[in-house]
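Novice: Questions regarding the structure given below will be posed in turn.
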């Protein structure tokens, strides 16, 4: 049974080439030991960056520091030397309520902008300049179709499959292995491009 989840995204394409040596050389991929996300090129990516940097990272950092503080406090206060007679407390209603309610509040704080972003991603303008259908294939191969250029017999007239470059070829071309293919995908500059992303089983 073929299962294909189609995700339609509207992206204002800011670059003319994706997954090509020129795009990779211009910083279209992560550097070694890079922190943070890649530079955004679309309004959708701007909102993803906002969600990550302004909402998720402060929450994650606060939780991490809080848990670290609790661990240090417990190690210092309740070690065998400082506390030779351990408490036999089995439960604490206030603590149980807090560790239930606080995560719920945190999830709501994350959920509201997340759902807003998901809705924004699904808002596809009717005036897209072109459509690009991307089909994920086994073994990291990608098939690309340009359906706006004509469809005959259910298949796009213009389509091609991009294969992952072998490590030797990627090294010779000066591009990162596992992040480059033998054929680049070309989209117009400063145009609205509708992506239809799906996969073969």
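Rule-based calculations on the coordinates, nothing more; no lab input. Given the structure is predicted, the values throughout are model-derived calculations rather than measurements. Methodologically, a virtual Cβ is constructed for each residue, glycine included, from the backbone with ideal geometry; neighbour enumeration extends over all protein chains shown.
Novice: Mind sorting 50, 115 by how few other Cβ atoms lie within 10 Å of their own Cβ, fewest first?
Specialist: 115, 50
Novice: How do 145, 96 rank when sorted from fewest to most other Cβ atoms within 10 Å of their own Cβ?
Specialist: Sorted ascending by nearby Cβ count, the order is 96, 145.
Novice: Related question: Across every pair of different alpha-carbon atoms, what Kirkwood hydrodynamic radius in Å does region 43-122 reach?
Specialist: 15.7
Novice: Would you mind ranking 49, 91 by Cβ crowding within 10 Å, fewest neighbours first?
Specialist: Least crowded to most crowded, the residues run 91, 49.
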